[in-house]
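Here the structure comes first, spelled out in structure tokens, and everything after it is commentary.
The values are calculated or read from the model by the stated rules, or taken from the named source; none is laboratory data. Being a predicted model, the structure only gives us computed values, none of them experimental. Here the Cβ positions follow ideal geometry from the backbone for every residue, glycine too, while neighbour counts run over all protein chains shown.
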Amino acid sequence: MFREMKVSGLTVDPLTNTPIVLLKDLEEKEVVPIWIGFFEASAIATQLEKVQLSRPMTHDLMKNLLDILEITVIKIEVNDLRENTFFAIIHLETQGTTFAIDARPSDSIALALRTAAPIYVHEEVIAKSRKIDLSQHKDGEEVLDELLEGLSSNDFGKYKM
């Protein structure tokens, strides 16, 4: 079963300086942190801030191609979490035909924000995300708890929603 979520904000892992996109369910009870790359964080941030660039970024280009080809992004699903890696599927529709494409969650989220497509996360992924292996960091699961519990709205800076 999937739960609809929204992008709650972007932050940075204080231990690794890696960007994290935070997905929050619509009831604001569950948070799923997904560590992403800097380029993907930039693509998400520019869309959150509604920044108009003089030239299209990759995700803008993807949206433009889909628009020209009359392909609609129906939804994205973060459907799996294996060995600390999240997996996603982009669901598309064109001329009555639907299909699904494997994608990284960060790219899927950047595209969903540009197309106003809903974002869903599988319940199992939500449960697994609470147990992400942070053994390379100090106290494993406690790091995730500290990170999420210690976040305030100020931590999101200009990227909060």
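Going through (1) modelled with pLDDT of 90 or more; (2) more than 18 Å from Leu23 (Cα to Cα); (3) out of contact with any helix residue (DSSP H, G or I) (no Cβ under 8 Å at 6 or more places or on another chain) one by one, Thr72 falls short only on (3).
If you check Ser54, Ser42 for being without any contact (Cβ under 8 Å) to a residue 60 or more places away in the chain, surrounded by 13 or more Cβ atoms within 10 Å (Cβ to Cβ) and either of a type outside the set (D, E, K, R) or not in a helix (DSSP H, G or I) (or both), only one passes: Ser42.
Yes or no: Thr72 of a type in the set (Ser, Thr, Tyr), surrounded by 13 or more Cβ atoms within 10 Å (Cβ to Cβ) and free of Cβ contacts under 8 Å to residues at least 24 places away in the same chain?
The answer is no for Thr72.
Here Asn84 meets the list (1) at pLDDT 95 or above; (2) of a type in the set (S, T, N, Q); (3) closer than 20 Å to Lys131 by Cα almost entirely, failing just condition (1). Applying a threshold of 8 Å to beta carbon distances and a minimum spacing of six or more residues, or different chains, the list of pairs starting in segment 6-29 at a residue that is on the phi > 0 side of the Ramachandran plot and at pLDDT 90 or above and ending at one that is exposed (fewer than 13 other Cβ atoms within 10 Å of the Cβ) and not in a strand (DSSP E or B) reads Gly9/Met161. Take Thr97 and decide whether it is surrounded by fewer than 19 Cβ atoms within 10 Å (Cβ to Cβ) and either modelled with pLDDT of 95 or more or over 17 Å from the mean Cα position of the chain (by Cα) (or both). So Thr97 fits the description; yes. Counting only residues that are within 13 Å of the chain's Cα centre (by Cα) and surrounded by 15 or more Cβ atoms within 10 Å (Cβ to Cβ), segment 1-38 holds 20 of them. Does any residue of segment 142-150 turn out to be under 13 Å from Leu22 (Cβ atoms), crowded, with 19+ Cβ neighbours inside 10 Å, out of contact with any Lys or Arg (no Cβ under 7 Å at 6 or more places or on another chain) and modelled with pLDDT of 95 or more? No, because not a single residue in segment 142-150 is under 13 Å from Leu22 (Cβ atoms), crowded, with 19+ Cβ neighbours inside 10 Å, out of contact with any Lys or Arg (no Cβ under 7 Å at 6 or more places or on another chain) and modelled with pLDDT of 95 or more. More than 21 Å from Met1 (Cβ to Cβ), under 13 Å from the mean Cα position of the chain (by Cα) and surrounded by fewer than 20 Cβ atoms within 10 Å (Cβ to Cβ), is that true of Thr85? Here the answer is yes, as Thr85 does meet what is asked.
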